[in-house]
Amino acid sequence: MSTTTTVVDIAPVAEVQKLSLRAADPSESKPEGKAPEQEYRYAHLLPHFSEDRYPPLEPYEHVDPGHRALQHPNPRSFLDTAERVIEITPQLGTEVRGINLAELDSDGRDQLALEVARRGLMVFRDQGDFINRGPDFYLQWGRHYGRLHIHPTSGHPRGYPELHLVYRDGKQSFNFEVDDSITTTVWHSDVSYELQPPGLTTFFLLTAPPTGGDTLFTSQVSALKKLSPQFVAFLKTLKAVHSGVEQAEFSRNGRRGGTVRRDPVEHVHPVVRRHPVTGDEALYVNRQFTRRIVGLKREESEAILRLLYDHIDKSADNQARVRWEPNTIVLWDNRVTAHSANVDFRHLPDARHGARITPQAERPIPALEGLDLSA
C-alpha cells in the first residue's frame with residue numbers, strides 16, 4: 001500500500017449497504033456533470049460472506065519453523081541489513097525499518113518466527129511491496145508457518161476464505177464487537193477455542209482512519225511472571241474451557257455478516273502453556289473466549305478468572321501499543337500474547353479495513369508436564 005492509499009476517498013466502500021461487497025463498476029452511468037468516484041484500490045479484498053459450509057477441523061501435526069532457526073549460527077541475521085531496530089518496550093515488541101518481508105527467503109522466514117516468539121510482537125514499517133502482492137502471495141506466506149485457519153464467521157475476500165478481514169466505517173461494521181460496554185477494549189488470543197489455535201499471525205491495514213484505531217498488545221509471559229510463585233504453581237494445575245459459541249451466536253443473530261460456516265466448538269486448554277520453541281511459559285486465558293476453569297465450583301472459577309482478567313487489563317507495564325502508519329505489517333505470536341482492537345474512531349466516517357493471515361499451531365502444551373486436558 002502506497003502512502004497515498006491510507007487516507008483515500010473511500011466513498012464506494014462506506015456507501016455499500018449490502019453484504020455482497022464489490023468494487024464500483026466504471027461502466028455504470030454517472031450523473032451529468034459529476035466527476036466519477038475514485039475506485040477503491042482494495043475493493044477486491046472487501047469482506048464477502050459466502051454460504052459455504054465446512055466440516056470440523058481435523059488435527060494436524062504442526063512443526064514450528066522457529067525450531068529450524070535455533071540451528072542457525074546467527075538466528076537474527078535476517079535483521080542485519082535493517083536501517084533501524086528498536087524495542088517498543090522491554091517486555092514486548094520490536095519495531096523494524098529497512099527490511100522487505102516479501103523478499104525474505106525460507107531461512108529468513110524461519111528466523112522471523114523465532115524472533116516473534118521471543119519478542120511476542122514485531123512491527124515492520126514500509127511494507128508496501130508485501131501488501132500489494134495480493135492474496136495469492138498472502139497464502140503462500142502464511143503456509144510457511146502452518147495450516148491456514150478458515151474463520152467460521154468472519155468475512156473474507158471472495159475466493160480466499162483463508163484470509164480473515166476486519167472492516168468498519170462510519171455506517172457499518174463486519175467485526176465481532178461489544179456494544180454494551182463502557183470500553184471497546186476486549187483482550188483476546190485469536191480463536192483460542194480451536195483445538196490448535198494460531199501461532200505466528202500476520203496483520204496489516206489496507207485503509208486506516210487518520211487518527212485512532214490503534215491495536216493494543218500485552219505479554220502473557222510477563223503477566224505470568226508478575227504473579228507469586230505459589231500462585232503460578234497452582235495455576236499450572238488448572239485447565240479452562242475456551243468456547244466459540246458466543247461468537248457464532250453473534251453471527252446467527254444477523255450481526256457481522258450473518259454467516260456461520262462451521263459449527264462452533266469448545267476445547268480445554270491449560271491455564272498456563274509452554275511455548276514449543278522458546279520454552280517460555282505464558283498465561284492462556286482471555287476474556288473473549290475463556291468460559292470456566294474445569295473442576296472448580298462456579299464461584300471459584302469466576303474469582304480466579306476475574307483476578308487474571310483484571311491483571312491482564314490493568315498491567316500497563318506488560319503492554320505495547322501499535323499506531324498504524326501506511327504500509328505497516330504487524331506480526332505476533334498468539335501463544336504468548338493477547339491483543340485488543342481500539343475502536344475509538346467509530347464516530348468518524350473513515351474506514352478501517354485490514355487483513356489477517358492466521359496459521360494454526362500446535363495444541364497448547366501445558367506448562368505442567370502430564371496435565372490431563374480431557375474435560
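Brief remarks follow.
- Difference of contour (0.36 nm per residue) and Cα-Cα distance, residue 185 to residue 311: 44.0 nm
- Cα shape, segment 102-245, gyration tensor, a/c 1.5 rule: oblate
- Degrees between helix 298-314 axis and first principal axis of the chain (Cα, 0 to 90, nearest 10): 60 degrees
- Within the chain, the ratio Rg/Rh, alpha carbon atoms throughout and Rh by Kirkwood, equals 0.96.
- Computed E for residue 300/residue 246 - FRET, C-beta separation, R0 22 angstrom, nearest 0.05: 0.50
- In the chain, the longest principal axis of the Cα atoms and the axis of helix 106-119 are about 60 degrees apart.
- Comparing mean-square fluctuations of 185, 201, 290 from a GNM of the chain with C-alpha springs under 10 Å, the top value falls on 185.
- Theoretical ellipticity at 222 nm over the chain - DSSP helices of four or more residues, -39500 (n - 2.57) apiece, nearest 500: -5500 deg cm²/dmol
- Taking segment 42-66 and a reference point 7 angstrom along Cα→Cβ of residue 139, the backbone N atoms nearer than 15 Å belong to 45.
- Measuring between their Cα centroids, segment 192-233 and segment 272-341 lie 6 Å from each other.
- Simple point charges give the picture: +1 on the Cβ of Lys and Arg, -1 on the Cβ of Asp and Glu, and for the chain a dipole about the Cα centre of about 600 debye.
- Computed FRET value (nearest 0.05) for residue 228 with residue 39, which takes r as the C-beta separation and R₀ as 45 Å: 0.20
- 16 Å cut-off, amide nitrogen to a point 7 angstrom out along residue 129 Cα→Cβ, residues in segment 96-116: 96-109
- Excluding same-chain neighbours fewer than eight residues apart, the aspartates and glutamates reachable from residue 239 by a Cα-Cα span under 15 Å are 194, 266, 281, 300, 302, 369, 372.
- Whichever aspartates and glutamates have a C-alpha closer than 17 Å to that of residue 171, once near sequence neighbours (fewer than 8 apart) are set aside: 9, 15, 179, 344, 350
None of the figures in this text is laboratory data; all of them are computed from the coordinates on show. The structure presented is a predicted model; accordingly, all values stated were derived computationally and were not measured. Note that we place each Cβ from the backbone using ideal geometry, even for glycine, and neighbour counts take in every protein chain shown.
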